[in-house]
Structures are given as C-alpha cells and as structure tokens.
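For reference, the structure discussed in these notes is given below.
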Amino acid sequence: MVAGMGYALIIVFMFVIMRKKMSPFIGLVFLPILWAIVGQVFGLWNIDIGQAAMDGLLTTASTGIMLFFAIYMFTIMIDAGLFDPLSNAMIRFAKGDPLKVAIATVALTAAVSLNGDGTATMIIVCTAMVPIYKKLNMSLLNLAVLTMTSHSIVNLLPWGGPTARAIAVMGVETNDVMAGLVPMMIAGLGYMFVIAWIFGLQERKTLGVVNLSEQEMQSMMVIEDPEALKLRRPKNVWINLLIVVAVIYALVQGSVPSAIIFMVGTVLTLLINYPNPKDQKERIDGNASEANAVVMTVFGAGIFMGILNATGMSDAIANSLIAIIPESLSSFYGLIVAIISAPGTYFLHNDAFYYGMMPILSEAGSAYGFTPLQLTFASLIGQAFHLFSPLVPFSYVLLGLTGVEWGEWQKKGLVVSAGIFIVYVITAAIFNLLPISL
C-alpha cells in the first residue's frame, strides 16, 4: 500500500506538470504534503510531517545555495560579455545552416560538460546557442533536448556525481570503472551526433540554409540593446575567463564546498566588473528572478524527497522494484539491474538509489555470479534517463533559459534518452561489461 501511494504521488505529479496544471515548485511542495496527511489519516505511517519536510529541505540546502550563486556568477559574466566570443565562434561555424548548429550544440555541450557541473553547463551552452537558434528560427525544444541528453553522457565521469556514488557503494576501483565507461560514452556521443544530424536535417528542410554573408554574420554579433551594451566589459574577458577556469578547477579538485566556490566567484565577478556599489546592486537585482525561481524549485524538490523518505514510500518503491526479479531470470540479472536503474534513478534521487537500492541489488547479484564491477556498469546505464527527473535541479535552469515547457521537453527528451540506454546496453555487452550468463 505504501509503495502504491509512492507510485501514485509520482504519477500525479508527472500528470499535473505535463498538463500544466501546476508549476514544478507548487507540485513539489503541495502534493507530497497532501499525500503525507492522507497517509497519516489512514494509518499508513505516523511521522512528524513538518520535520520530515524540513529534513528534506536541509538535504537540498547546500545545492540550492550553490545554484543560487552559480546562477548569479554566470549571469553576471553574461552581462559582462564573457561568452560573446564563444557565441560569435558558433555563428561563424554554423553560417546559417541548422544542421551545423545542431551538431555544434552537441559538441559544445560535451566539451563544457567536462567541468562536471550541470548548472554551469546549461548556462554556458544556452548563452552561446539560444541567440543563434532564435536568429534562425530553430526549435528551442531541440536545443533543450540535445543539451541535456549530451550532458547526461559526459556526466558519467567520476566527478559528475552518479559514478562516484556507485564506486563508493560497490567498492570498485575508479580506473577499472573508467576503462569501461570510455567506450560507453564514446558510443553515446556518437549516437547524439546522429540525433543532432537528424534534428538538423529536419530543421534544414523546414527553414532552409541561410547563407549568411560576412556582413550578416557581423550584424548577428553586434549588440544593439544600449542597456546590454552598457553592461559589457570587453577589456575584462581574460580575467573573467580566469575566474571561470579557477572555479571549474576548484570544483573538480573538490576540497572546497561548491557553494563557497560560487559565492566567492560571484563576489570576484562583481568586484572586477562592477566595482561601484550602485552597479553591483543593479546586477544583483537584475538577475534575481533567474536565481530565485530555480532555488525555490530546488527547495521544493527537497521537501518532495524528505516526505518520500520519512513516510517509507521511497524504500517501498525500491523494494517493489527489487521484488519483481524472478530467480529464473538470474542469468539476465545484469541486464535487469540496468533496466531497474532507469526508473530507479528517474523516480528516486541518486543517493536513494545508489545508497539504498544498490547494496540490496549487489547482494543478490553476487549469488548469481555477477561481480561488483559488472553491477556498477549496470547501475550506471539508467543514467540515460536520470537528468530528465523532476528532482534534478539544473533542469529548471535549462528550461528557464530556453523558455521550453517541461512536458514537451519530457516527451521528446525521454525518447532520445531511450536510444542512449539501448546504445549503452549494446556497448556494454560488446565489451563484456554487462555479460549475460547462459
């Protein structure tokens, strides 16, 4: 019954968001609290609902603070014009061809994703590509899908998050995991370039190729808005770039909390580009809406997770997924774990899946002859879908920057993600990372 309540909560949440009946923030806060009250009334659990919500909120507090300052830092960098050269380079590469624009989107996302930070990736890629998509009347939905699916592949690097959790839980060596992930990631990116080619051909057929002259390309690079031009600091490009590189290095190095890194980055960005306190206040006020909307949603996701965990709905969902595996399919256990990891990492937070479900799945797998390394690869295959989960904070950054509706993005993005999942399974089987013991 508890598992049924959990599934019902997730299904209703997905329905109201995709049908645009509620905003993500409202749904993430209102629905789990309503479910908690109903379950309490019918005796399914007996919890302190307020404390459960607060515990969940605290789990996302550091993430929310990090996102708050990350958004401020990068939006102020955008104001100062740091990413103008990158946007101009993309304009010159594409030259008005939607096919080249789509391919450039995947290439740029893959390169920027090496920093391991989803928020930074979304902001940098969208800053460079949104103006081009709008100029050519290309689909911003395609941009949002290509960006998130491409990032999901490179996000498998150990500093991206899920792989580090899997390594810790399964007790395997990072080098061994990386040796197997490299062919999976290469195959996944190859697939994404094919998808970009298909999207680009469709756009080219609809819009045609705009053979931009040098003068037209120059006009696209010119900032006409006097207010935006007033904010630009072209002389500070190199020092701003140095700040971004230092921030990314500190994130990868990992000795300082990411929230502090972005807070200091924001301070330095303001001091260097807008030393006047009045200008600093204007930049903070001018970028508040972007930061506030995302952080509110992140805190809402914390309440959602807190009530899922406190009521036992999270554990019940995990156990129900594990219970569906019949012993007769033991030779396919690795593939089954990969399949379970898809809804497991979509409906649950990565911490809940890897720290909660994987120890149980691993114990059963060892009895069937599967090694911890094999099950590590199996558990990571479902990451093809994870970044489309409503519990992923920076997805709201992407949707805010592109203006794309969550429901439309889900419908198209999950289809592309299914292809990534299949490519992962095939590659893992070819390289004996996901054996099927017959």
Task: Filtered residues of the stretch 234-275 (kept if assigned to a loop (DSSP other than H, G, I, E, B) and not hydroxyl-bearing (Ser, Thr, Tyr)) - done: Gly254, Val256, Pro257, Pro275
Task: Single residue of the stretch 44-71 satisfying the filter (modelled with pLDDT under 90 and aromatic (Phe, Trp, Tyr)) that is nearest to Met1 (Cα to Cα) - done: Phe68
Task: Subset of the stretch 20-42 (residues that are part of a loop (DSSP other than H, G, I, E, B), free of Cβ contacts under 8 Å to residues at least 40 places away in the same chain and open to solvent by 60 Å² or more (accessible area, probe 1.4 Å)) - done: Lys21, Phe42
Task: Options Val130, Val112, Val106, Val125; residue that is within 18 Å of Gly188 (Cβ to Cβ), in contact with a Ser or Thr (Cβ under 9 Å, 6 or more places away or on another chain), open to solvent by 10 Å² or more (accessible area, probe 1.4 Å) and modelled with pLDDT of 80 or more - done: Val112
Open item on the list: Tally up the residues in the stretch 151-171 that are open to solvent by 10 Å² or more (accessible area, probe 1.4 Å) and assigned to a helix (DSSP H, G or I), please.
Closed with: 9
Task: Close pairs from the stretch 207-232: first at pLDDT below 80, partner open to solvent by 90 Å² or more (accessible area, probe 1.4 Å) and not in a helix (DSSP H, G or I), Cβ under 6 Å, at least 6 apart - done: Leu212/Lys95
Open item on the list: Take the residues in the stretch 172-207 that are among the small types (Gly, Ala, Ser) and exposed (fewer than 14 other Cβ atoms within 10 Å of the Cβ); name whichever of them is nearest to Ala94 (Cα to Cα).
Closed with: Gly190
Open item on the list: Quick check on my filter: what residues within the stretch 387-420 are of a type in the set (A, V, I, L, M, F, W, C), open to solvent by less than 30 Å² (accessible area, probe 1.4 Å) and modelled with pLDDT of 90 or more?
Closed with: Leu387, Phe388, Leu398, Leu399, Val404, Trp409, Val416, Ile420
- [ ] Write out, first by first residue and then by second, each pair whose Cβ atoms fall under 6 Å of each other, whose residues are 6+ apart or on separate chains, and whose first residue, in the stretch 53-70, is surrounded by fewer than 19 Cβ atoms within 10 Å (Cβ to Cβ) while the second is assigned to a helix (DSSP H, G or I).
- [x] Asp55/Gly306; Thr59/Gly302; Ser62/Ala259; Ile65/Ala259
- [ ] Filter the stretch 238-285 for residues that are open to solvent by less than 30 Å² (accessible area, probe 1.4 Å) and more than 11 Å from Ile76 (Cα to Cα) and give the result.
- [x] Ile243, Val244, Val247, Ala250, Ala259, Ile261, Phe262
- [ ] Look at Leu375 and say whether it is assigned to a helix (DSSP H, G or I), open to solvent by less than 50 Å² (accessible area, probe 1.4 Å) and at pLDDT 85 or above.
- [x] yes
Task: Those residues of the stretch 51-105 which are under 19 Å from the mean Cα position of the chain (by Cα), in a helix (DSSP H, G or I) and not hydrophobic (A, V, I, L, M, F, W, C), in sequence order - done: Thr59, Ser62, Thr63, Gly64, Tyr72, Thr75, Thr105
Open item on the list: Let me confirm something: among Phe353, Phe388, which residue is outside any helix (DSSP H, G or I), within 28 Å of Met14 (Cβ to Cβ) and within 26 Å of the chain's Cα centre (by Cα)?
Closed with: Phe388
- [ ] Examine the stretch 429-438 for a residue that is in a loop (DSSP other than H, G, I, E, B), open to solvent by 10 Å² or more (accessible area, probe 1.4 Å) and free of Cβ contacts under 8 Å to residues at least 12 places away in the same chain, and state whether such a residue exists.
- [x] yes
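With Gly302, Gly265, Gly254 as the choices, which residue is more than 20 Å from Leu398 (Cα to Cα), at pLDDT below 85, out of contact with any His (no Cβ under 7 Å at 6 or more places or on another chain) and not basic (Lys, Arg)?
None of the others qualify; the one that does is Gly254.
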- [ ] Could you give me the residue pairs with C-beta distances under 8 Å whose first residue belongs to the stretch 160-181 and is farther than 15 Å from Gly382 by Cβ, whose second residue is open to solvent by 50 Å² or more (accessible area, probe 1.4 Å) and not in a helix (DSSP H, G or I) wherever it lies, and which are 6+ apart or on separate chains?
- [x] Ile167/Glu173; Gly180/Phe431
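The values are calculated or read from the model by the stated rules, or taken from the named source; none is laboratory data. Here the structure is a predicted model, which means the values were calculated and not measured. We place every Cβ from the backbone using ideal geometry, glycine too, and count neighbours over all the protein chains shown. Surface areas here come from the heavy atoms of the whole protein model, side chains and all, with no ligands, DNA or RNA. Shrake-Rupley method; radii C 1.70, N 1.55, O 1.52, S 1.80 Å.
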